[in-house]
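Structure first, then comments.
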Amino acid sequence: MEDPAMKAGWLPRLLLSPSVLLTLVCVYGCILFTVYLSFTASTLLPRHEWAGTAAYTRLLGLENWKISANNLAVFASLYIAIAMALGLVLAILIDQKIRAEAVLRSIFLYPMALSFIVTGTAWKWLLDPGVGLEKSMHLLGWQGFAFGWIKDGDMAIYCVVIAAVWQTSGFAMALFLAGLRGVDSEQIHAARLDGARTWQVYWRIILPQLGPVFVSAFVILAHMAIKSYDLVIALTNGGPGRSTWLPSVFMYQYSFTRNEMAVGAASSVLMLLAVGAIVLPYLWGAMRSAGGRHD
(Lines give C-alpha, C1' and ligand atoms only; values in the text may rest on other atoms or scores of the structure.)
Protein backbone atom coordinates (compact mmCIF):
# COMPACT_ATOMS: atom_id res chain seq x y z
CA MET A 1 0.00 0.00 0.00
CA GLU A 2 1.28 3.47 -0.89
CA ASP A 3 2.46 5.57 2.01
CA PRO A 4 0.12 8.62 2.42
CA ALA A 5 3.10 10.74 3.47
CA MET A 6 4.94 9.93 0.24
CA LYS A 7 1.82 10.68 -1.79
CA ALA A 8 1.43 14.00 0.00
CA GLY A 9 5.03 14.80 -0.97
CA TRP A 10 5.03 14.03 -4.71
CA LEU A 11 1.46 14.99 -5.56
CA PRO A 12 1.92 18.78 -5.09
CA ARG A 13 5.17 18.61 -7.10
CA LEU A 14 3.38 16.76 -9.89
CA LEU A 15 0.58 19.31 -10.01
CA LEU A 16 2.98 22.25 -10.00
CA SER A 17 5.51 20.84 -12.45
CA PRO A 18 3.71 21.96 -15.67
CA SER A 19 3.51 25.55 -14.43
CA VAL A 20 7.13 25.51 -13.28
CA LEU A 21 8.26 24.04 -16.61
CA LEU A 22 6.32 26.61 -18.63
CA THR A 23 7.74 29.43 -16.51
CA LEU A 24 11.29 28.17 -16.93
CA VAL A 25 10.93 27.84 -20.71
CA CYS A 26 8.62 30.72 -21.65
CA VAL A 27 9.91 33.31 -19.18
CA TYR A 28 13.47 32.63 -18.11
CA GLY A 29 14.32 30.74 -21.29
CA CYS A 30 13.14 33.66 -23.43
CA ILE A 31 15.04 36.11 -21.22
CA LEU A 32 18.26 34.16 -21.70
CA PHE A 33 17.64 33.91 -25.45
CA THR A 34 17.09 37.69 -25.64
CA VAL A 35 20.34 38.31 -23.78
CA TYR A 36 22.10 35.96 -26.22
CA LEU A 37 20.61 37.77 -29.25
CA SER A 38 21.88 41.10 -27.93
CA PHE A 39 25.46 39.84 -28.40
CA THR A 40 24.91 38.62 -31.95
CA ALA A 41 24.57 40.30 -35.35
CA SER A 42 20.87 39.42 -35.69
CA THR A 43 18.84 41.57 -38.08
CA LEU A 44 15.53 40.42 -39.57
CA LEU A 45 16.00 36.89 -38.18
CA PRO A 46 18.20 35.52 -35.40
CA ARG A 47 21.80 34.99 -36.45
CA HIS A 48 24.32 33.09 -34.40
CA GLU A 49 27.27 35.19 -35.47
CA TRP A 50 28.86 36.49 -32.26
CA ALA A 51 29.28 40.27 -32.35
CA GLY A 52 30.22 41.10 -28.77
CA THR A 53 28.89 44.41 -27.51
CA ALA A 54 28.40 45.92 -30.99
CA ALA A 55 24.62 46.09 -30.55
CA TYR A 56 24.97 47.95 -27.25
CA THR A 57 27.46 50.40 -28.77
CA ARG A 58 25.10 51.10 -31.66
CA LEU A 59 22.12 51.35 -29.29
CA LEU A 60 23.72 53.97 -27.06
CA GLY A 61 24.67 56.04 -30.11
CA LEU A 62 21.19 56.12 -31.65
CA GLU A 63 19.24 59.38 -31.43
CA ASN A 64 15.99 57.42 -31.17
CA TRP A 65 17.24 55.66 -28.02
CA LYS A 66 18.27 58.96 -26.44
CA ILE A 67 14.84 60.41 -27.18
CA SER A 68 13.16 57.32 -25.72
CA ALA A 69 15.28 57.45 -22.57
CA ASN A 70 14.61 61.17 -22.08
CA ASN A 71 10.89 60.62 -22.58
CA LEU A 72 10.97 57.83 -20.00
CA ALA A 73 12.69 60.11 -17.49
CA VAL A 74 9.98 62.76 -17.93
CA PHE A 75 7.12 60.27 -17.97
CA ALA A 76 8.30 58.13 -15.05
CA SER A 77 9.17 61.03 -12.74
CA LEU A 78 5.85 62.81 -13.25
CA TYR A 79 3.76 59.65 -13.33
CA ILE A 80 5.20 58.19 -10.13
CA ALA A 81 5.18 61.48 -8.20
CA ILE A 82 1.64 62.50 -9.19
CA ALA A 83 0.12 59.02 -8.81
CA MET A 84 1.64 58.60 -5.33
CA ALA A 85 0.67 62.11 -4.20
CA LEU A 86 -2.88 61.79 -5.52
CA GLY A 87 -3.22 58.29 -4.08
CA LEU A 88 -2.08 59.52 -0.67
CA VAL A 89 -4.51 62.45 -0.70
CA LEU A 90 -7.42 60.22 -1.70
CA ALA A 91 -6.50 57.69 0.98
CA ILE A 92 -6.37 60.39 3.67
CA LEU A 93 -9.77 61.74 2.61
CA ILE A 94 -11.39 58.30 2.55
CA ASP A 95 -9.81 57.46 5.91
CA GLN A 96 -11.95 60.15 7.56
CA LYS A 97 -14.81 57.63 8.02
CA ILE A 98 -16.91 59.32 5.37
CA ARG A 99 -20.21 58.01 4.11
CA ALA A 100 -20.31 55.75 1.04
CA GLU A 101 -16.66 54.86 1.61
CA ALA A 102 -17.04 51.51 -0.17
CA VAL A 103 -18.63 53.20 -3.19
CA LEU A 104 -15.84 55.77 -3.45
CA ARG A 105 -13.16 53.10 -3.11
CA SER A 106 -14.76 51.16 -5.95
CA ILE A 107 -15.00 54.27 -8.14
CA PHE A 108 -11.34 55.16 -7.65
CA LEU A 109 -10.18 51.57 -8.13
CA TYR A 110 -12.32 50.91 -11.20
CA PRO A 111 -9.80 52.29 -13.76
CA MET A 112 -7.29 49.67 -12.61
CA ALA A 113 -9.70 46.97 -13.81
CA LEU A 114 -9.39 48.28 -17.37
CA SER A 115 -6.64 47.27 -19.73
CA PHE A 116 -4.14 49.92 -20.79
CA ILE A 117 -5.41 49.53 -24.36
CA VAL A 118 -8.91 50.56 -23.24
CA THR A 119 -7.53 53.44 -21.19
CA GLY A 120 -5.38 54.67 -24.06
CA THR A 121 -8.23 54.49 -26.56
CA ALA A 122 -10.66 56.30 -24.25
CA TRP A 123 -8.21 59.11 -23.49
CA LYS A 124 -7.30 59.38 -27.17
CA TRP A 125 -10.94 60.17 -27.96
CA LEU A 126 -11.20 62.53 -24.98
CA LEU A 127 -8.06 64.49 -25.84
CA ASP A 128 -8.56 64.58 -29.61
CA PRO A 129 -9.39 68.24 -30.48
CA GLY A 130 -11.77 67.12 -33.22
CA VAL A 131 -14.05 64.88 -31.15
CA GLY A 132 -13.14 65.15 -27.48
CA LEU A 133 -12.92 67.78 -24.77
CA GLU A 134 -12.07 70.71 -27.02
CA LYS A 135 -14.93 69.93 -29.41
CA SER A 136 -17.37 69.55 -26.51
CA MET A 137 -16.39 72.91 -25.03
CA HIS A 138 -16.87 74.56 -28.42
CA LEU A 139 -20.34 73.08 -28.71
CA LEU A 140 -21.15 74.53 -25.27
CA GLY A 141 -20.17 77.98 -26.49
CA TRP A 142 -16.57 78.22 -25.26
CA GLN A 143 -15.09 78.91 -28.70
CA GLY A 144 -11.79 80.12 -27.27
CA PHE A 145 -11.07 76.88 -25.40
CA ALA A 146 -8.13 74.94 -26.82
CA PHE A 147 -6.53 71.74 -25.60
CA GLY A 148 -4.49 70.13 -28.36
CA TRP A 149 -1.66 68.60 -26.35
CA ILE A 150 -2.06 65.22 -28.01
CA LYS A 151 -1.20 66.82 -31.38
CA ASP A 152 1.72 68.83 -29.99
CA GLY A 153 5.12 67.14 -30.05
CA ASP A 154 6.26 69.08 -26.97
CA MET A 155 3.18 68.30 -24.89
CA ALA A 156 2.05 64.83 -26.02
CA ILE A 157 4.13 63.02 -23.40
CA TYR A 158 2.09 64.77 -20.71
CA CYS A 159 -1.07 63.24 -22.19
CA VAL A 160 0.47 59.83 -21.52
CA VAL A 161 1.17 60.95 -17.95
CA ILE A 162 -2.45 62.04 -17.48
CA ALA A 163 -3.85 58.73 -18.73
CA ALA A 164 -1.41 56.65 -16.67
CA VAL A 165 -2.11 58.62 -13.48
CA TRP A 166 -5.87 58.26 -14.02
CA GLN A 167 -5.53 54.49 -14.28
CA THR A 168 -3.21 53.77 -11.36
CA SER A 169 -3.76 56.50 -8.75
CA GLY A 170 -6.66 54.47 -7.34
CA PHE A 171 -4.32 51.53 -6.86
CA ALA A 172 -1.87 53.76 -5.01
CA MET A 173 -4.81 54.98 -2.92
CA ALA A 174 -5.62 51.39 -1.93
CA LEU A 175 -2.02 50.80 -0.82
CA PHE A 176 -1.91 53.97 1.27
CA LEU A 177 -5.37 53.36 2.72
CA ALA A 178 -4.27 49.91 3.91
CA GLY A 179 -1.21 51.54 5.47
CA LEU A 180 -3.29 54.21 7.19
CA ARG A 181 -5.59 51.60 8.67
CA GLY A 182 -2.53 49.88 10.15
CA VAL A 183 -1.20 52.93 12.02
CA ASP A 184 -1.28 52.64 15.81
CA SER A 185 -4.36 54.61 16.90
CA GLU A 186 -3.06 54.95 20.47
CA GLN A 187 -0.14 57.09 19.29
CA ILE A 188 -2.52 59.34 17.37
CA HIS A 189 -4.83 59.65 20.38
CA ALA A 190 -1.88 60.49 22.66
CA ALA A 191 -0.63 63.15 20.25
CA ARG A 192 -4.07 64.78 20.11
CA LEU A 193 -4.22 64.83 23.91
CA ASP A 194 -0.87 66.63 23.88
CA GLY A 195 -2.39 69.32 21.67
CA ALA A 196 -0.87 68.31 18.33
CA ARG A 197 -2.65 69.70 15.30
CA THR A 198 -3.91 67.47 12.52
CA TRP A 199 -1.07 68.30 10.12
CA GLN A 200 1.45 67.64 12.88
CA VAL A 201 -0.10 64.25 13.60
CA TYR A 202 0.22 63.29 9.94
CA TRP A 203 3.70 64.72 9.48
CA ARG A 204 5.29 63.39 12.68
CA ILE A 205 3.37 60.17 13.39
CA ILE A 206 1.37 58.80 10.48
CA LEU A 207 3.55 59.49 7.42
CA PRO A 208 6.77 58.11 8.99
CA GLN A 209 4.95 54.83 9.62
CA LEU A 210 3.94 54.66 5.94
CA GLY A 211 7.54 54.31 4.81
CA PRO A 212 7.15 50.68 3.64
CA VAL A 213 3.97 51.63 1.74
CA PHE A 214 5.81 54.46 -0.05
CA VAL A 215 8.54 52.03 -1.06
CA SER A 216 6.04 49.42 -2.28
CA ALA A 217 4.07 51.99 -4.28
CA PHE A 218 7.25 53.39 -5.81
CA VAL A 219 8.52 49.95 -6.86
CA ILE A 220 5.20 48.96 -8.45
CA LEU A 221 4.70 52.24 -10.28
CA ALA A 222 8.33 52.47 -11.41
CA HIS A 223 8.38 49.03 -13.02
CA MET A 224 5.03 49.79 -14.67
CA ALA A 225 6.49 53.01 -16.10
CA ILE A 226 9.51 51.22 -17.55
CA LYS A 227 7.35 48.52 -19.17
CA SER A 228 4.69 50.92 -20.53
CA TYR A 229 3.92 50.08 -24.14
CA ASP A 230 0.25 49.36 -24.83
CA LEU A 231 -0.93 52.64 -23.25
CA VAL A 232 1.44 54.66 -25.46
CA ILE A 233 0.52 52.75 -28.62
CA ALA A 234 -3.23 53.09 -28.01
CA LEU A 235 -3.03 56.76 -27.01
CA THR A 236 -0.44 58.32 -29.35
CA ASN A 237 1.17 55.44 -31.31
CA GLY A 238 4.49 56.96 -30.25
CA GLY A 239 3.77 60.28 -31.96
CA PRO A 240 3.61 62.95 -33.02
CA GLY A 241 6.88 61.88 -34.61
CA ARG A 242 8.91 60.27 -31.83
CA SER A 243 7.69 62.61 -29.09
CA THR A 244 6.15 59.81 -27.00
CA TRP A 245 8.56 57.01 -27.79
CA LEU A 246 9.55 55.08 -24.67
CA PRO A 247 12.20 52.31 -24.51
CA SER A 248 9.44 49.71 -24.93
CA VAL A 249 8.29 51.38 -28.17
CA PHE A 250 11.91 51.62 -29.33
CA MET A 251 12.40 47.92 -28.63
CA TYR A 252 9.37 46.93 -30.71
CA GLN A 253 10.27 49.24 -33.59
CA TYR A 254 13.85 48.02 -33.89
CA SER A 255 13.08 44.35 -33.26
CA PHE A 256 10.09 43.91 -35.56
CA THR A 257 9.84 46.94 -37.86
CA ARG A 258 13.36 48.15 -38.59
CA ASN A 259 14.89 44.65 -38.69
CA GLU A 260 17.62 45.30 -36.12
CA MET A 261 16.86 42.44 -33.77
CA ALA A 262 20.18 42.62 -31.93
CA VAL A 263 19.68 46.32 -31.13
CA GLY A 264 16.09 45.65 -30.03
CA ALA A 265 17.31 42.79 -27.82
CA ALA A 266 19.97 45.05 -26.31
CA SER A 267 17.31 47.63 -25.43
CA SER A 268 15.24 44.87 -23.81
CA VAL A 269 18.21 43.83 -21.69
CA LEU A 270 18.74 47.41 -20.52
CA MET A 271 15.05 47.66 -19.61
CA LEU A 272 15.34 44.37 -17.71
CA LEU A 273 18.36 45.70 -15.81
CA ALA A 274 16.46 48.89 -14.95
CA VAL A 275 13.52 46.88 -13.60
CA GLY A 276 15.89 44.61 -11.70
CA ALA A 277 17.68 47.60 -10.16
CA ILE A 278 14.34 48.68 -8.72
CA VAL A 279 12.72 45.36 -7.81
CA LEU A 280 15.64 43.24 -6.56
CA PRO A 281 16.71 45.55 -3.68
CA TYR A 282 13.06 45.70 -2.61
CA LEU A 283 12.76 41.89 -2.64
CA TRP A 284 16.08 41.53 -0.82
CA GLY A 285 14.96 43.92 1.90
CA ALA A 286 11.59 42.17 2.20
CA MET A 287 13.25 38.77 2.58
CA ARG A 288 15.66 40.08 5.19
CA SER A 289 12.79 41.61 7.14
CA ALA A 290 10.85 38.35 6.95
CA GLY A 291 13.90 36.39 8.08
CA GLY A 292 14.45 38.74 10.99
CA ARG A 293 10.84 38.32 12.16
CA HIS A 294 11.15 34.53 12.04
CA ASP A 295 14.36 34.67 14.07
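The values are calculated or read from the model by the stated rules, or taken from the named source; none is laboratory data. In this text the structure is predicted, and so the values were computed from the model without any measurement. So basically every Cβ, Gly included, is an ideal-geometry build from the backbone, and we count neighbours across all protein chains shown. Quick note on the areas: whole protein, heavy atoms, side chains included, nothing else; ligands and nucleic acids left out. Shrake-Rupley method; radii C 1.70, N 1.55, O 1.52, S 1.80 Å.
Quick look at the values:
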{"quantity": "Distance (nanometres) between label positions extended 7 Å along Cα→Cβ at S106 and V35", "calculated": "4.6"}
{"quantity": "Non-local Lys pairs in the stretch 1-158, i.e. 8 or more apart or on different chains, that have alpha carbons under 30 Å apart", "calculated": "5"}
{"quantity": "Accessible surface of Y202 - all protein chains present, 1.4 Å probe, nearest 10 Å²", "calculated": "40"}
{"quantity": "Per residue accessible area in Å² of the chain, where ligands, DNA and RNA are left out and the probe is 1.4 Å", "calculated": "59"}
{"quantity": "Computed helical MRE - 222 nm, the chain, DSSP H runs ≥ 4 contributing -39500 (n - 2.57), nearest 500", "calculated": "-21500 deg cm²/dmol"}
{"quantity": "Protein accessible area in the stretch 19-76, 1.4 Å probe - carbon and sulfur %", "calculated": "73"}
{"quantity": "Long-range amide H partners of T40 with built H, under 5 Å", "calculated": "A51"}
{"quantity": "The stretch 111-206 - percent of accessible surface contributed by carbon and sulfur, probe 1.4 Å", "calculated": "61"}
{"quantity": "Protein accessible area in the stretch 219-295, 1.4 Å probe - carbon and sulfur %", "calculated": "62"}
{"quantity": "Dipole magnitude of the chain, debye to nearest 20 (Cβ charges: Lys/Arg +1, Asp/Glu -1, about Cα centre)", "calculated": "160"}
{"quantity": "Å³ per residue enclosed by the Cα convex hull of the stretch 70-140", "calculated": "138"}
{"quantity": "Kyte-Doolittle at least 0.5, axis length at least 18 Å by Cα - qualifying DSSP helices, the chain", "calculated": "4-23, 63-94, 156-181, 211-227, 261-294"}
{"quantity": "Principal axes of the stretch 1-137: Cα extent on each, largest first, Å", "calculated": "65, 61, 28"}
{"quantity": "Size descriptor, Kirkwood hydrodynamic radius, that averages inverse alpha-carbon separations across the chain, Å", "calculated": "22.7"}
{"quantity": "Rg over Rh [alpha-carbon atoms, Kirkwood Rh] for the stretch 236-292", "calculated": "1.24"}
{"quantity": "Euclidean distance of C-alpha centroids, the stretch 67-121 and the stretch 195-255, integer Å", "calculated": "9"}
{"quantity": "Whole-percent pair-distance distribution, where bins are 10 Å wide, for the alpha carbons of the stretch 189-295", "calculated": "13, 26, 22, 19, 13, 6, 1"}
{"quantity": "Net lengthening on full extension, R99/L16 (0.36 nm per residue, minus Cα-Cα)", "calculated": "25.4 nm"}
{"quantity": "Rounded to whole Å, sorted largest first: equivalent-ellipsoid semi-axes of the stretch 107-200, Cα gyration tensor", "calculated": "40, 18, 12"}
{"quantity": "Theoretical FRET efficiency, 1/(1+(r/R0)^6), r = Cβ-Cβ of E49 and K151, R0 45 Å, to 0.05", "calculated": "0.55"}
{"quantity": "Protection-proxy order for peptides 87-93, 283-289, 169-175, each taking the mean of Cβ atoms within 10 Å per residue, highest first", "calculated": "169-175, 87-93, 283-289"}
